[in-house]
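Working notes for the structure below.
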């Protein structure tokens, strides 16, 4: 413990001054958070042979038991090659729905030969913790557990139960994610701590803004197929399957779905425009929030890769396969179109729109998403929840801009939202965009997040669990 504490002081002292406030230190909790992050990063929790996600769950079980959690309040359940963890801190009023801390213990594959450091050997260098899962999301899961233990150490007694709900396959099939959501469908709210919610300045390293995520676009896959009798390449026909597929994909690639806005994205455009560095884009954000049919604003936002996905559904071809011989007409061509769908649209709606856009009778389009996604509405903008998150951020980081956001990716939140349980992406960690390597090489997280992150969790959990 002494070694871990010395390490924390060494790596965070030069960086803490960059923050806009000086949160109270919690040496024991901060040391435990770092130690847990390092221990779990070292465990290869990847889908497939030798998946050790269950060992990550056992690490969290061990420290919770040591801190006073009863064995009967902790469940580790194996599912296929993975496992999930549900640990409950019972509240004094069992009639109240619990507050859920949601994260995941699995990580995406990482090949050591591609990395500068071994991905499953945690390394601390220059104020950064490196390793697969550092930012997505073992550091955050460890920080939250250490904060809960600190709350218990301080003698806090929650009125509303607090549940740690860590899934084991969020990066792949989300089977455990759905199981957990079903078990916790009586929850008051879910606080999803997957990933970093704050952005640091590239120039100064100071906090630029923090956002809470209240909605996410739905992931959908559609297979496009053209079949043909084929024949000899010396006798070409007009109904070439590759050419037919090319025409359909060209139309889909060029198509732009109707722009949309909801309360979450309108709040994002209104608030984030105040800090956007490009005046043209900032003006377009404000104009689009006021009128989502403003053609000029839409044109500006669609021209920006960072913005086009924020104003509506997007569908792009990602895979193609066709032909069977270099001297034969193709008998079968398939392609995959990946869509990120604005909340409120069903798979059938999007499939019908793609069929209309493709405008090629020979093309068959089928839903290839499987059961790995659902189509929930956005979480409500409940002032009492948002107020608790913002209070935690102010206590941890000072007066930084805060705004709502809608994610273009997918997380465990969608399974709760589909059941009518409000779920909010609300991690306290900040990172530079240039350091964001989740799912990529040399994944990292700044350790300057330890102290303010602890303050955030202590503040927010006290607020939410006392009501």
Cross-chain or 6+ apart pairs with Cβ under 7 Å, region 415-432 first and over 17 Å from residue 390 (Cα atoms), then part of a helix (DSSP H, G or I):
415/177; 415/178; 415/181; 416/181; 419/181
Identify, by number, the condition in (1) touching a residue at least 12 places away in the same chain (Cβ under 8 Å); (2) outside any loop (DSSP other than H, G, I, E, B); (3) surrounded by 13 or more Cβ atoms within 10 Å (Cβ to Cβ) that residue 282 doesn't meet.
(1)
Scanning region 361-387 for residues that are touching a helix residue (DSSP H, G or I) at 6+ places or on another chain (Cβ under 6 Å) and over 14 Å from residue 214 (Cα atoms) gives 362, 363, 365, 367, 374
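Looking at this structure, is residue 184 surrounded by 24 or more Cβ atoms within 10 Å (Cβ to Cβ) and either under 22 Å from residue 405 (Cα atoms) or modelled with pLDDT of 95 or more (or both)? Lay out the reasoning, then the answer.
Working: surrounded by 24 or more Cβ atoms within 10 Å (Cβ to Cβ): no; either under 22 Å from residue 405 (Cα atoms) or modelled with pLDDT of 95 or more (or both): yes.
So residue 184 does not fit the description; no.
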Within region 241-262, the count of residues that are surrounded by fewer than 20 Cβ atoms within 10 Å (Cβ to Cβ), in contact with a helix residue (DSSP H, G or I) (Cβ under 9 Å, 6 or more places away or on another chain) and in a loop (DSSP other than H, G, I, E, B) comes to 3
Only one of (1) under 29 Å from residue 52 (Cα atoms); (2) not in a loop (DSSP other than H, G, I, E, B) is not met by residue 199, so which one is it?
(1)
Only one residue in 373, 306 is at pLDDT below 95, outside the structural domain of residue 456 (by TED's automatic domain parsing), within 18 Å of the chain's Cα centre (by Cα) and under 25 Å from residue 276 (Cβ atoms), so which one is that?
306
Do we have any residue at all in region 20-34 that's buried (at least 24 other Cβ atoms within 10 Å of the Cβ) and out of contact with any helix residue (DSSP H, G or I) (no Cβ under 6 Å at 6 or more places or on another chain)?
no
Over region 345-369, the set of residues without any contact (Cβ under 8 Å) to a residue 60 or more places away in the chain and surrounded by fewer than 15 Cβ atoms within 10 Å (Cβ to Cβ) is 346, 348, 349, 352, 356, 361
Please determine, by comparing only the residues of region 145-180 that are in a loop (DSSP other than H, G, I, E, B) and within 15 Å of the chain's Cα centre (by Cα), which one is surrounded by the most Cβ atoms within 10 Å (Cβ to Cβ).
168
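Checking the condition touching a helix residue (DSSP H, G or I) at 6+ places or on another chain (Cβ under 6 Å), over 16 Å from residue 99 (Cα atoms) and buried (at least 20 other Cβ atoms within 10 Å of the Cβ), which residue from 142, 211, 196 passes? Don't jump to the end; show me each part of the working.
Values: 211 fails: touching a helix residue (DSSP H, G or I) at 6+ places or on another chain (Cβ under 6 Å); 196 fails: touching a helix residue (DSSP H, G or I) at 6+ places or on another chain (Cβ under 6 Å).
Only one candidate qualifies: 142.
The values are calculated or read from the model by the stated rules, or taken from the named source; none is laboratory data. Since we're looking at a predicted model, the values are computed, not measured. Because the Cβ atoms are built from the backbone with ideal geometry, glycine has one as well, and the counts that use them run over all protein chains shown.
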